[in-house]
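I have placed the structure first, in the form of structure tokens, so that the comments after it can refer back to it.
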Amino acid sequence: MADLERVNLVITGHVDHGKSTSLGHMLFLLGQIHDPKKKREAWRIAERYFIDSRDEGMGSWSYAWILEPLMDERKRGLTINISFQEFKTQKYIYNLIDAPGHSDFVKNMITGASQADAAILVVSARKGEFEDGIATGGEAKGSKYANVIGMTMEHMLLLISLGITDIVVMINKMDTVNWDQKHFEGIRDQISKRMSLIMNHIRIENAEEKVKNMQFVPTSGLYGVNMLPKDMTIKNIDNHIKQTEAGKGNADFIASLKEEKIEIEKQWPDWYSGPSLLEALDGLPSPAKKKAALMKLSLRVPIQSSLTIPGVGNVLTGRVATGVMKTGQKVVVSPTKQTNDPVHIEVKSIEEFHKQIDQAIVSDNIGFSIKSKNVGAKDIVKGAVVSDAKDPAKVLLPNKDGFMAVVLIIRSLGKKGKEKDKSWSFHKDYAPVIHVGTAQVTCRVMEIKTLDGASTDGLSANQRGMVWFTPVQPVVIEPLAKCAPLGRFAIRDSGKTVGVGIVDKVEYSKY
């Protein structure tokens, strides 16, 4: 097990589509629930959550609480912050990242997704919930979805704009539609069509093949159906029942496990012959090949946070986007609070999942202590980039430097007017927030052209164009061809995703 490859896996999807319940249930069935006390068996932890959730009047949330340790999240019945768990299979060690599905917390979802190699997109099959999630805002006038972008659609856009294309689509709550095969296939076809359109725009290589090979898995996370293979599910449930009875566990909890086993056997769909969720995850391509290509590029580590730890010193955290970082390596960081020029620092030590390592490679989520005469943790903020001293990342300066990107607009909020007016235009001088790497920076639109090079006053929803931006604050942005993680971005305004883009060109001293 120690030699298994690690995969950073983010769970995304519309609020209340069952992300936390489903994955918490899967961890219970696997017997791999994280226990900070390192003493309790999986059934003991699940029993505690069963009793607590019942006493709080939130009985159906007991499995969700496995992934939601914060009391505020439990009381509100939704995921607010990203949370992390680890589980193992015969093929991979998964670092499981549960990202918020509520529109108020999309920033947190972007933070979680930016650390991932692959994703589970949870889509509810319940009628009404699916339509809410998949709305594009382009529906016919008079429709309740005419001006709405659903969170399923928004999460698809954000995942792909962050370069995450190894996705398992979990079509959940199939029990609410009586495991209707045609309903499942209809959802699969709609998601596939939208995935293909987005991937082609973001210039994902082999987009059609990726969508064709994407696994769509029907599940009931509430009852634990098709999370694991059927024989494995029944065997593990039986083991939990035996252990709970032998340990003289709560009688109501034991009864609920027995009822769950009956429901699993009754509900398992006989028409479906594809993989369970666990098997679909293990069927994802190894990130190793992609990592090998990115490791040949110059070092880039977008910084997630900076802190000072007593006895350790100045520590930075982030995910290695390209290149390799080694202990003792001399690197640079930019921008800092003092300067936009690269500042030299030395990597003293590197830690991943509480273990000291000698080097960090692409996709490793790390904390690393630094030594420098010029800067400390307080001088380095989220969004800065640590890079190779021989090929440093260059900062774009406010209102001076520019970058040209091909953008896809999904929601136009560029003009003043009534919010219901869907014709608002993405226009010159509009200044949305760009999410690139770990940075969130306001950028001003300087020039817009159509894809064939003709000048235009603006872009509306579902239109594409070539846009020149200049940042309002210092930021590291690089062309997609040089560093894909710093060349793809999401465009947001007033808490809503406006569009996505890919950087074709960076020009210094343009304005």
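Each reported figure results from applying straightforward, stated rules to the coordinates on display, with no laboratory input. Note that the coordinates shown come from a computational prediction; the quantities given were computed from them, not determined experimentally. When we count neighbours, we look across all protein chains shown, and the Cβ atoms used for this are built from the backbone with ideal geometry, even at glycine.
Cα gyration tensor of the range 296-388, axes a ≥ b ≥ c as square roots of the eigenvalues: rounded (a/c below 1.5), prolate (a/b > b/c) or oblate? Don't skip to the answer; put the middle values down first.
Working: a/c = 1.56, a/b = 1.14, b/c = 1.37.
Oblate shape, in that a/c is at least 1.5 and b/c is the bigger or equal ratio.
Ranking request for peptides 239-251, 385-397: highest mean number of other beta-carbon atoms within 10 Å first, then the rest in descending order.
On the way: 239-251: 14.7, 385-397: 21.2.
Answer by packing, highest mean first, reads 385-397, 239-251.
Report the charge-dipole magnitude of the range 296-388 in Debye, nearest 20, computed about the Cα centre from +1 at each Lys and Arg Cβ and -1 at each Asp and Glu Cβ.
On the way: 12 positive and 8 negative charges, 21 e Å.
For this selection, approximately 100 debye.
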| request: Give me TRP468, TRP271, TRP65 ranked fewest to most by other Cβ atoms within 10 Å of their Cβ, as a rough exposure proxy. | output: TRP271, TRP468, TRP65
| remark: Inter-part gap, Cα centre of the range 209-253 to Cα centre of the range 183-207, in whole angstrom, is 29 Å
| note | The relative contact order of the range 396-507, taking Cα pairs under 8 Å that sit 6 or more residues apart, comes to a percentage of 37 percent
| task | Give me the net charge of HIS14's neighbourhood, meaning all other residues with Cβ under 12 Å from the Cβ of HIS14; Lys, Arg count +1, Asp, Glu -1. | result | -2
| task | Apply the Karplus parameterisation 6.51 cos²θ - 1.76 cosθ + 1.60, with θ equal to phi minus 60°, to every residue of the range 395-402 and state each ³J(HN,Hα) to the nearest whole Hz, in sequence, with x for glycine and proline. | result | 7, 7, 8, x, 6, 10, 9, x
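Lys and Arg at +1, Asp and Glu at -1: add these up for the other residues within a Cβ distance under 13 Å of VAL506 and post the number. Present the calculation step by step, with values, prior to reporting the outcome.
On the way: positive: LYS394, LYS400, LYS482, LYS505, LYS510; negative: ASP401, GLU478, ASP504, GLU507.
Spelling it out: positives minus negatives among the neighbours equals +1.
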| message | If amide hydrogens are placed 1.01 Å from N in the peptide plane, which non-local residues have theirs closer than 5 Å to the one on TRP179? | response | none
| request: Tell me which residues come under 5 Å, amide H to amide H, from ILE345 once H is placed; ignore anything under 5 positions away on its chain. | output: VAL331, VAL332, VAL333
| In order through the range 334-345: 3J(HN,Hα) via Karplus (6.51 cos²θ - 1.76 cosθ + 1.60), integer Hz, x for Gly, Pro | 7, x, 10, 5, 8, 8, 8, 7, x, 10, 6, 9
| field | Amide H partners (placed H, <5 Å) of THR89, local residues excluded | value | TYR94
| Under the Karplus curve 6.51 cos²θ - 1.76 cosθ + 1.60, θ = phi - 60°, whole-Hz ³J(HN,Hα) for the range 209-215, x wherever Gly or Pro sits | 5, 4, 5, 4, 8, 5, 8
| task | Net charge near ALA288: determine it from the other residues with C-beta under 15 Å of the C-beta of ALA288, scoring Lys and Arg +1 and Asp and Glu -1. | result | 0
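Do you know the relative contact order of the range 296-388, to the nearest whole percent, from alpha carbon pairs under 8 angstrom that are 6+ apart?
Numbers: 243 pairs, mean separation 36.4, N = 93.
For the range 296-388, the relative contact order is 39 percent.
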